[in-house]
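Enquirer: Just passing along the structure, written as structure tokens.
The values are calculated or read from the model by the stated rules, or taken from the named source; none is laboratory data. Keep in mind the model is a prediction, meaning the values are calculated, not measured. Don't worry about glycine lacking a Cβ; one is built from the backbone with ideal geometry, like all the others, and counts go over all protein chains shown. Each accessible area value is taken on the protein alone, full model and side chains, heavy atoms only, with ligands, DNA and RNA left out. Shrake-Rupley method; radii C 1.70, N 1.55, O 1.52, S 1.80 Å.
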Amino acid sequence: QVQLEESGGGLVQPGGSLRLSCAASGIIFRFNDMGWYRQAPGKQREPVAAISSGGSTNYADSVKGRFTISRDNAKKTVHLQMNSLKPEDTAVYYCRVEDSDYWGQGTQVTVSS
């Protein structure tokens with residue numbers, strides 16, 4: 001049974017930072033590409049960042065230079081370091097095993113003063 005559990009969301013002021021984590025179980029983690037997505041109220045879910053099994057990364061234009069995705073294969077965890085947060089980053093953030101139907105339950109990120 002595949003499980004993805006996100007953590008690290010919360011309320012932060014504009015310009016602040018948060019680090020999201022996603023712990024995976026039930027998969028051979030090191031063989032899988034992993035991604036972070038987000039969904040703001042009234043909007044479609046959108047990709048934020050992805051990291052391949054080999055460590056290659058890509059980012060949405062809106063977060064380039066501010067967010068960093070990384071993975072720890074020994075701990076079966078993928079992280080999303082978010083810096084210089086903006087109010088428009090407010091959303092529920094989801095972890096996903098890329099090209100699969102495996103999603104986490106989501107963690108809320110709110111950027112507000």
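Enquirer: State whether the residues of the stretch 68-77 include one that is of a type in the set (A, V, I, L, M) and open to solvent by 50 Å² or more (accessible area, probe 1.4 Å).
Expert: Yes, because at least one residue in the stretch 68-77 is of a type in the set (A, V, I, L, M) and open to solvent by 50 Å² or more (accessible area, probe 1.4 Å).
Enquirer: Which residues, taken from the stretch 52-91, are within 19 Å of SER25 (Cβ to Cβ) and part of a loop (DSSP other than H, G, I, E, B)?
Expert: Within the stretch 52-91, SER53, ASN73, ALA74, LYS75, LYS76 qualify.
Enquirer: Let me ask something else about it. Residue check, TYR37 against (1) touching a strand residue (DSSP E or B) at 6+ places or on another chain (Cβ under 8 Å); (2) farther than 29 Å from GLY15 by Cβ; (3) among the aromatic types (Phe, Trp, Tyr), all met but one. Which one?
Expert: (2)
Enquirer: Residues that are within 27 Å of GLN1 (Cβ to Cβ) and touching a Pro at 6+ places or on another chain (Cβ under 7 Å): does the stretch 17-31 have at least one? Even if it seems obvious, please write down each step before you answer.
Expert: The initial filter retains those residues of the stretch 17-31 that are within 27 Å of GLN1 (Cβ to Cβ), namely 19-31.
From what's left, touching a Pro at 6+ places or on another chain (Cβ under 7 Å): none.
Checked the stretch 17-31: no residue is within 27 Å of GLN1 (Cβ to Cβ) and touching a Pro at 6+ places or on another chain (Cβ under 7 Å).
Enquirer: Out of all the residues in the stretch 92-113, which are on the phi > 0 side of the Ramachandran plot and either in a strand (DSSP E or B) or surrounded by 12 or more Cβ atoms within 10 Å (Cβ to Cβ) (or both)?
Expert: Of everything in the stretch 92-113, just one residue is on the phi > 0 side of the Ramachandran plot and either in a strand (DSSP E or B) or surrounded by 12 or more Cβ atoms within 10 Å (Cβ to Cβ) (or both), namely GLY106.
Enquirer: Given (1) outside any loop (DSSP other than H, G, I, E, B); (2) of a type outside the set (Asp, Glu); (3) farther than 16 Å from ASP99 by Cβ, identify the lone condition not met by ALA49.
Expert: ALA49 satisfies all of (1) outside any loop (DSSP other than H, G, I, E, B); (2) of a type outside the set (Asp, Glu); (3) farther than 16 Å from ASP99 by Cβ except (3).
Enquirer: Something else: Among what's in the stretch 18-61 and is on the phi > 0 side of the Ramachandran plot and more than 16 Å from the chain's Cα centre (by Cα), pick the residue that is least open to solvent (accessible area, probe 1.4 Å).
Expert: Within the stretch 18-61, the match that is least open to solvent (accessible area, probe 1.4 Å) is GLY26.
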